[in-house]
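Since the structure comes first, as structure tokens, the remarks are kept for the end.
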Amino acid sequence: MREASSMHLTRRRGSMLPILFSLTILILLASRVHASVNVTLIPNVSVFHYDASNGSVGSLAYADLPPANVNLLLKVCADNLSEHDEIDLGYATEGSRLFTSILTLPVWTVNVTGSCSLLDPDFSVMRAVYPGHVWLRYTPSMNTSQQAFIPLTLFLNGSFSIQVHVDPYIHTYYFSVKNVYDENRSLINASHARLAMSMTRDNLTLREGIRTAGEPLAYNGSFQGGEKIIVNGLTSLEIKLFNACGEINESGFYLLNNTIWDANETCILIENQSNLILHFAGNLIDGDNNQSMNDTCSVIIRDSENVTLEDAYVQQYATGICVYNSRNVNVIKDKVIANEHGLYAENSTIVLYNVSFTNNASDIIANKSFIATILTNVTGAMLNSTFEDVIVKSVYERPPPPNLTDIRDIDQYVEAYNISQTGWMRIVFHYFEPLPNHVVADNLSIFKYEGEKILVNVTSNNTTITRTEWNGTWTKLYTLIDTTNHLIIGPNVSSFSIFAPFGFNTTPLPEPTPTPTPTPTPTSGAPSGGGGSPALTVVHETAVLPEVIRLNLTLPENVTLMQGEAGDIPFNLTNIGRITVRNITIKPAPRRGWAYGNATIARLRRNETVNGTFPLQPWERETPGVYDVPVYAIVTFENGSMMIADRKILRVRVLPRSRLHRITLLEYPPTIRIPPGAWLNVSFLIKNTGDVPLENVTLRVQGADACIKRVEGFIPRLPVGEVVRASYRLKAGFEKTQCDGLFKWYDATGRLVGFAPVTIIIQPVSSFERYVKLSILLIIFILWTLLTLLIIHRRLSR
């Protein structure tokens, strides 16, 4: 069925057309337990009307209003009928294996004739539900384990639309109710959903369950065609067989039924559709390899939304897959082989998952389109990239590897270039272990080739020949390694060439001995300021840890930072001891020349866990490599003694500097004093010492929540190398106290760009200070009065 244009559930407002119940009296089939059970519905009115202001009839409470109780009688006949028997109206899955009640009838006898009872159900207590075929469940009080499920006539008119989501990682399909309609195809909604969902094939139930709207029914098997999704007894989706080639003119789930050979025109057209899956079922669409077919595609998707192509195999077309003016197109586990162009996208958004492009002149063309690739094999490179307005091409002839000692190739190259001034690409490769050439993942970096292939004349033995040679060099790019997801993550680029990851020699690097000059010079054992100034680290174990104090510090497994880059390092701290612990400091102890800041925790109760961050910044001339940084959880007692409650190692991978976001503080106040509840303007002299302009540089104060309640102000723009005098307003707390915290600056991207330690003292103005201020004002007033009298006297004397 074709989807409605609206994607949102709406409530029915105002008056509605009369809603007809089909209440034809039906003598029902025998139950599995009570052969003589039958039910008759006896309406005293022929038509029930929906009343939006006063509620709705029966289970048509779509607006979640109390339904009006109607005069509808229920005649139940059964052997040994008792007033303690239970009767429920509800929905059931196929075969009545799962049942959900929408109304439990209070059974009391109005009239008894033989073994029959006439019941008057109170429909005013019925909860809002969706349309469907209603069943009656009869449970005798004498034997509650034996129940009879009896189908009634079509009780609630309406229909459902089913949405299908495919999880390509685990190859599972999720069927869920997307929209609900009444008999007039108007959208309806109800908060108390009752959806008995089944997936069947040839009257065999494959999956079933009771669901709410949007809650999926999962299926991870295969399809043969003819599978049905049934909701509350209504067939809502059927898996259809599609005999290529042709046009798909209705949304749904389609299985390609056969292979097409030597097609000389576009095969499949999907146009103006929504919520559609085309599963190729391993079948092939083969073109005739005629390069003059410039306008042909094996599959065209145009003006559509939420379309999935799965398990496709297309080859020998001018373009394998074409997508125009479409959104949320998913191409999953497909093979696109030996086409002039693999995929062309125009004004569209697409996700490519586990797609293999092979032997295409160009693999992907994104024209005014956004494309995300996941585990997608492009020209031999396994990409996890995203890009817009970019062409990704084959790399048949590769430039020589970088001229570095012990450089190692992992055989992944990709060539890209933009087709608009705003084209860009995030360079991300996926790798599998073990890597080729004995490369270690932690030592991978992405390189970009700066140059091109040129013709050169070579003379040898008086013979001159012309040949092609590469005339450029490789440049290393900013790179992160995600070992959990096996990703080699590079930067966003807007100038293009050939990109490839290479591995380095894994020999341990010698530890450098930097001697930079800090600005301002920090004191020993204090965190540095200004995003890059080094600090000395002094940690003393001053006492033996009592058994009752036990803390557990948890850190990330790996952290990656560039030379001179400030980063917020997350941590968890749990009190696993027997008493509340106060005055805890999380203190990193990095190498000389690194900048860092502490995190403080005022109180940690027994079994309590807190989350926090502390800043860390490698020295700007640190040698790239992997470094171990000890991090301590230190408890300070009232007498000033300290003890180390836990110690963990943080592994930090330092990368070469590339597009660094950083500021340096040239001037800042290490201590500020504010009266309680007052506002104070604090001035800083800030320089952009990074590689990119910074936007909207804001200030936060960490570890001083009791002292600073609010911070206002920002630097709109700070170009590279520029120095500005910035002023921020701080709102003080209302209690007299002192806080040791951190000033931390962030740019518009959320990056930490600099930090500095600060002591904040909230101190009321003393009586002496108020007296001095009052005295000064009084003296000024007296002098002003005397001066005024002197001027008047001189004028009168004249």
Segment 413-432 scanned against label point 7 Å out from residue 494 along Cα→C-beta; backbone N under 18 Å for 416-427
Computed from every Cα-Cα pair in segment 362-484, P(r) in 5 Å bins starting at 0 and rounded to whole percents is 2, 9, 16, 20, 19, 14, 9, 5, 3, 2, 1, 0
Counting only DSSP beta bridges fully inside segment 670-798, the antiparallel percentage to nearest 5 is 90
Across all Cα atoms of segment 216-258, Rg and the largest Cα-Cα distance (Dmax), in Å, are 11.8, 35
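What part of the accessible area of segment 181-242, given as a whole %, is carbon or sulfur when the probe is 1.4 angstrom? Write out the running numbers ahead of the final one.
Numbers: 1120 of 2650 Å².
Using a 1.4 Å probe with all protein chains present, segment 181-242 comes out at 42 percent carbon and sulfur.
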Across all Cα atoms of segment 161-232, Rg and the largest Cα-Cα distance (Dmax), in Å, are 12.9, 39
Percent of all alpha-carbon pairs of segment 671-773 at distances over 17 Å, whole number, is 54
Full extension between residue 649 and residue 695 adds, at 0.36 nm per residue less the Cα distance, a length in nm of 13.1 nm
Here FRET efficiency (C-beta to C-beta, residue 720 to residue 442, R₀ 35 Å, nearest 0.05) is 0.70
For segment 182-223, the per residue accessible area (1.4 Å probe, Å²) is 46
Answer check: segment 319-419, Cα atoms, Kirkwood Rh, Rg/Rh ratio of 1.01
For segment 652-738, the accessible surface attributable to carbon and sulfur atoms (probe 1.4 angstrom, ligands and nucleic acids excluded) amounts in percent to 49
Per DSSP, the loop-located GluC sites (Glu not before Pro) within segment 609-638 having at most 16 other beta carbons within 10 Å are 638
Here the gain from full extension of residue 790 to residue 589, 0.36 nm per residue of separation minus their alpha-carbon distance, amounts to 65.4 nm
Over all pairs of different Cα atoms in segment 364-425, the reciprocal of the mean inverse distance gives a Kirkwood radius in Å of 12.8
Given pairs 335/476; 240/368; 178/240; 333/368 and cut-off 28 Å on Cα-Cα distance, the over-length ones are 335/476; 240/368
The Rg/Rh figure for segment 438-508, Cα atoms and Kirkwood Rh, to two decimals is 1.18
To the nearest 0.05, the calculated FRET efficiency linking residue 658 and residue 247 through their beta-carbon distance, R0 being 41 Å, is 0.25
For segment 231-278, the Cα convex hull volume per residue in Å³ comes to 70
For segment 613-710, the per residue accessible area (1.4 Å probe, Å²) is 43
Whole-percent carbon and sulfur contribution to the accessible surface of segment 408-500 (1.4 Å, no ligands, DNA or RNA) stands at 46
One would report the Cα pair-distance distribution of segment 608-729, bin width 10 Å, in %, as 9, 28, 31, 27, 5
Cα-based Rg and Dmax for segment 131-265, in Å, come out at 18.2, 73
In units of 2.2 N^0.38 Å, the Cα radius of gyration of segment 545-692 is 1.22
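Among the DSSP beta bridges whose two residues both lie in segment 316-412, what percent are antiparallel, rounded to the nearest 5? Walk me through the intermediate numbers first.
On the way: 9 of 33 bridges.
Here the share of antiparallel DSSP bridges comes out near 25 percent.
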Packing-ranked peptide list from 442-450, 591-599, highest mean Cβ count within 10 angstrom first, is 591-599, 442-450
Taking 258-268, 688-698 and ranking on average Cβ neighbours within 10 Å, highest first, one gets 688-698, 258-268
Length gained if residue 736 through residue 258 is fully extended, taking 0.36 nm per residue and subtracting the Cα-Cα distance, is 164.0 nm
Per DSSP, the loop-located trypsin sites (Lys or Arg not before Pro) within segment 166-221 having at most 11 other beta carbons within 10 Å are 185
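Considering only protein heavy atoms, what per residue accessible area in square angstrom results for segment 277-355 with a 1.4 angstrom probe?
Accessible surface, normalised per residue, equals 32 Å².
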Filtering chymotrypsin sites (Phe, Trp or Tyr not before Pro) in segment 667-765 by DSSP loop and by at most 16 other Cβ atoms within 10 Å leaves 734
Hydrodynamic radius by Kirkwood for segment 217-361, inverse mean 1/r across distinct Cα pairs, in Å, is 15.4
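The values are calculated or read from the model by the stated rules, or taken from the named source; none is laboratory data. Only a predicted model underlies this, so the values are computations on that prediction, with no experimental measurement involved. Note: ideal-geometry Cβ built from the backbone for every residue, glycine included; neighbour counts use all protein chains shown. Surface accessibility is based on the protein's heavy atoms, side chains included, excluding ligands, DNA and RNA. Shrake-Rupley method; radii C 1.70, N 1.55, O 1.52, S 1.80 Å.
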